[in-house]
Amino acid sequence: MTIVPAAAFLGLLSLAFPGHALESDSPAPQKALEGGQKAADTHDADLSGPRFIDNQDGTITDRQKMLMWKKTESYHELKKWLNWYMGQDYIKSLNEKRFAGYNDWRMPNLEELKSLYEENKNIPWKYYYGNVHQVHMDPIFGESTCCFWTSEPFKDIEGYAWGFNFIRGQKYPSPMGGPQLSLTATRPVRSIK
């Protein structure tokens, strides 16, 4: 097991949680498909339309990447931060309940999660003490935190996994079972077949 010096760990946290806000120019959210058609049913459709479709069932379909995301992430649903293991339990619970009619929800890999980062789009995140930061993600996702777990372990340090910060657009390693819960949430995803 590798021991990480406190100064190095604090440096990682400063990358994950910057101390300044950015200007917002958030566009309006996209609308759902007409006629009750779910975006999940449109994988053969013309992809010249919007990338993201709100399915009106708590999910967002990414037509570009052929992924379906849970619209509300774990922090805004549960009102608490989750460590990596708690995030896995959260996803297991969604599958047991068949959230939105599916039981194949999972934690995204780094590339999938990173694909949601859009520097020119913003969702205001009201951080502690009245600070507001801009989360660079399509506003179709609604209220969001900045940092999310991936399914990928950080191979250099046992007991760490990769997270992704949507304020800075950077990946960072974080303790999977951290008692401080790393101010990290889970945004479940599933592949569209």
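Sort through Y129, Y85, Y75, Y90 and tell me the only one that's free of Cβ contacts under 8 Å to residues at least 40 places away in the same chain and not charged (D, E, K, R).
Numbers: Y85 fails: free of Cβ contacts under 8 Å to residues at least 40 places away in the same chain; Y75 fails: free of Cβ contacts under 8 Å to residues at least 40 places away in the same chain; Y90 fails: free of Cβ contacts under 8 Å to residues at least 40 places away in the same chain.
Sole residue among the options that is free of Cβ contacts under 8 Å to residues at least 40 places away in the same chain and not charged (D, E, K, R): Y129.
Within region 145-188, work out how many residues are in contact with an Asp or Glu (Cβ under 6 Å, 6 or more places away or on another chain) and either of a type outside the set (G, A, S) or part of a loop (DSSP other than H, G, I, E, B) (or both). Write out each step before concluding.
To start, the set of residues in region 145-188 that are in contact with an Asp or Glu (Cβ under 6 Å, 6 or more places away or on another chain) comprises 162, 185, 187.
Pick out the ones that are also either of a type outside the set (G, A, S) or part of a loop (DSSP other than H, G, I, E, B) (or both) and you get 162, 187.
Selection size over region 145-188: 2.
Test of understanding: among S191, S115, which residue is modelled with pLDDT of 90 or more, open to solvent by 30 Å² or more (accessible area, probe 1.4 Å), touching a strand residue (DSSP E or B) at 6+ places or on another chain (Cβ under 8 Å) and of a type in the set (G, A, S)?
The match here is S191.
Examine region 170-182 for a residue that is open to solvent by less than 10 Å² (accessible area, probe 1.4 Å), among the aliphatic types (A, V, I, L, M) and in contact with a Phe, Trp or Tyr (Cβ under 8 Å, 6 or more places away or on another chain), and state whether such a residue exists.
no
With the checklist (1) open to solvent by 20 Å² or more (accessible area, probe 1.4 Å); (2) in contact with a Pro (Cβ under 9 Å, 6 or more places away or on another chain) in hand, flag the one item N165 doesn't pass.
Here N165 meets the rest and fails (1).
Take region 118-145 and flag every residue that is surrounded by fewer than 19 Cβ atoms within 10 Å (Cβ to Cβ), touching a strand residue (DSSP E or B) at 6+ places or on another chain (Cβ under 8 Å) and over 16 Å from I167 (Cβ atoms).
Of everything in region 118-145, just one residue is surrounded by fewer than 19 Cβ atoms within 10 Å (Cβ to Cβ), touching a strand residue (DSSP E or B) at 6+ places or on another chain (Cβ under 8 Å) and over 16 Å from I167 (Cβ atoms), namely G142.
Taking into account only those residues within region 75-93 that are closer than 17 Å to P175 by Cβ and in a helix (DSSP H, G or I), which is least open to solvent (accessible area, probe 1.4 Å)?
Among those that are closer than 17 Å to P175 by Cβ and in a helix (DSSP H, G or I), it is G87.
Inside region 100-112, can you point out the residues that are on the phi < 0 side of the Ramachandran plot and in contact with a strand residue (DSSP E or B) (Cβ under 7 Å, 6 or more places away or on another chain)? Please lay out each step first, then the result.
Pass one, region 100-112, residues on the phi < 0 side of the Ramachandran plot: 102-112.
Correct list: Y102, D104, W105, R106, M107, P108, N109, L110, E112.
The values are calculated or read from the model by the stated rules, or taken from the named source; none is laboratory data. Everything numeric in this text was worked out from a predicted model, so none of it was measured. With ideal geometry, Cβ positions are generated from the backbone for all residues, glycine too; neighbour counts draw on all protein chains shown. Keep in mind that these areas ignore ligands, DNA and RNA; they rest on the heavy atoms of the full protein, side chains included. Shrake-Rupley method; radii C 1.70, N 1.55, O 1.52, S 1.80 Å.
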